[in-house]
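The values are calculated or read from the model by the stated rules, or taken from the named source; none is laboratory data. This one's a predicted model, so the numbers in the text were calculated from it and none came from an experiment. Cβ sites come from the backbone with ideal geometry, for glycine too, and all protein chains shown count toward neighbours. Side chains are part of the model used for accessible areas, which takes the heavy atoms of the whole protein and leaves out ligands, DNA and RNA. Shrake-Rupley method; radii C 1.70, N 1.55, O 1.52, S 1.80 Å.
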Amino acid sequence: MSIARTVIAAALAMCSASSAGAARAENRRIDCVIDPTMTVKLGSPTAGLVSEVLVDRGDVVVAGQVVARLESSVEAATLELNRARAASAARVEAQAARLTLSRARMGRARELLARNSFTRDKFDEQRADTRVAEEDLAREKVELRLAELEVERSRAVLEQRTIRSPIAGVIGERKLSPGEFVHQDTFIMSVVHLDPLHVEAFLPVAMYPKIKLGEAVMVSPDEPVGGSRLATVSVIDRVFDPASATFGVRLLLPNPDNRLPGGQRCKLDFDEAARERDAQ
């Protein structure tokens with residue numbers, strides 16, 4: 001009877017150990033979500049009428065690419081006008097020629113005054129004319145510089161009517177079309193950045209001492225994508241959620257050529273990543 005009891009106890013112990021091992025293995029596979037790095041809603045710094053939209057939903061764009069333009073005929077005309085003004089240096093050249101002549105006369109007047117062949121009053125008058133010519137030349141140079149600055153200002157105003165993507169990514173939503181009005185409360189389109197992707201998960205607080213920044217973790221997207229890929233831990237929350245006894249982590253998942261879609265569920269497998277490292 002004691003032998004039978006011993007055998008049963010051993011069997012139960014083995015079953016319990018097996019169940020505990022399975023539970024630990026299951027606990028190492030954590031639910032997660034794969035999200036885009038960021039989603040940018042492109043608006044306009046100035047209100048206006050959309051004249052053209054150069055991309056559509058699903059198109060791939062690079063940082064700095066022109067994706068839309070607002071009606072800008074007035075701004076373009078103003079820029080051309082200011083360019084014409086800034087390009088004309090005739091008034092500066094005329095004042096420079098006048099100053100050269102005045103200085104030459106001043107030199108002759110000084111020689112005549114030294115020989116007592118020129119009155120002091122005439123000499124002072126010539127010196128005043130030279131001073132006025134210098135001031136006129138300086139003023140014309142300032143006016144030319146202001147015209148050049150007006151060109152830069154007009155170019156900046158015109159550039160505000162050109163909408164560029166600040167990031168590389170994929171057009172997620174196209175909100176407005178040519179002929180529609182854009183203002184501060186609307187956006188023209190959204191751009192989704194997919195490389196790298198963010199993997200968001202909540203882990204049990206018991207795993208907190210074991211998670212390190214830069215650690216490689218195996219990510220398995222749900223079907224129909226499937227497969228397994230390595231991601232690296234980039235953020236570890238320093239505040240726990242006491243209600244669920246969990247803490248948040250974020251991992252960076254490389255996604256060259258935007259092959260993986262965002263917004264999908266996945267599993268994190270810490271043991272699988274460790275086995276792969278050991279195999280290497």
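Charging the Cβ of each Asp and Glu at -1 and of each Lys and Arg at +1, and nothing else, the dipole of the chain about its Cα centre rounds to 1000 debye.
Taking a ≥ b ≥ c as the square roots of the Cα gyration tensor eigenvalues, with a/c under 1.5 meaning rounded and otherwise prolate when a/b beats b/c, else oblate, which class fits the stretch 205-249?
oblate
Just to confirm a number: summing +1 for Lys and Arg and -1 for Asp and Glu over residues other than Gly172 whose beta-carbon lies under 15 angstrom from that of Gly172, what do you get? Around Gly172, the charge tally is -1.
How much length is gained if the chain between Tyr208 and Arg259 is pulled fully straight, taking 0.36 nm per residue apart and subtracting their Cα-Cα distance, in nm to one decimal?
Extra length from Tyr208 to Arg259 when fully extended: 15.2 nm.
Taking 7 Å steps out from each Cα toward its Cβ at Leu230 and Glu52 produces label points 4.6 nm apart.
The calculated FRET efficiency for the pair Arg127 and Glu80, based on their C-beta separation and a Förster distance of 45 Å, comes to about 0.55.
I need to check one value: relative contact order of the chain, counting alpha carbon pairs closer than 8 Å and at least 6 residues apart, in percent. Once normalised by length, the contact order is 29 percent. Note: relative contact order over the stretch 163-262, using C-alpha pairs below 8 Å and six or more positions apart, is 28 percent.
If I require 15 Å or longer along the helix axis, counting alpha carbons, and a Kyte-Doolittle average no lower than 0.5, what helices from the chain are left? Use full DSSP H segments.
Correct list, ordered by number: 2-27.
Largest mean-square fluctuation among Ala90, Ala114, Ala201, in a Gaussian network model of the chain whose springs join Cα atoms under 10 Å apart, belongs to Ala114.
Charge tally for Glu223 (other residues, Cβ to Cβ under 14 Å; Lys, Arg +1; Asp, Glu -1): +1.
Full extension of the chain segment joining Ala94 with Ala138 gains 14.6 nm, where the gain is 0.36 nm per residue of separation less the Cα-Cα distance. For the chain, modelled as a GNM whose springs connect Cα atoms under 10 angstrom apart, the maximal fluctuation among Ile34, Ile171, Ile211 occurs at Ile211. For the chain, with all protein chains in place and a probe radius of 1.4 Å, 55% of the accessible heavy-atom surface sits on carbon or sulfur. The structure shown yields mean projected area of the Cα convex hull in nm², and of the options (i) 18.8; (ii) 30.9; (iii) 13.8 that calculated value carries the label (ii).
To the nearest 500 deg cm²/dmol, what mean residue ellipticity at 222 nm is calculated for the chain from DSSP H runs of n ≥ 4 alone, each contributing -39,500 (n - 2.57), summed and divided by the residues?
Using -39500 (n - 2.57) per qualifying helix, the result is -14500 deg cm²/dmol.
Amide hydrogen proximity for Met38: with H placed 1.01 Å from N in the peptide plane, the residues at 5 or more positions away or on another chain lying under 5 Å are His193.
Mind running the shape call on the stretch 22-181? Use the C-alpha gyration tensor, a ≥ b ≥ c as the square roots of the eigenvalues: rounded below 1.5 for a/c, prolate if a/b tops b/c, oblate otherwise.
prolate
Structural descriptor for the stretch 157-214: relative contact order 32 percent, calculated from alpha carbon pairs under 8 angstrom and at least 6 residues apart.
In terms of the mean number of neighbouring beta-carbon atoms within 10 Å, the peptides 250-256, 218-224 order highest first as 250-256, 218-224.
Residues in the chain average 62 Å² of solvent-accessible surface per residue, probe 1.4 Å, ligands and nucleic acids excluded.
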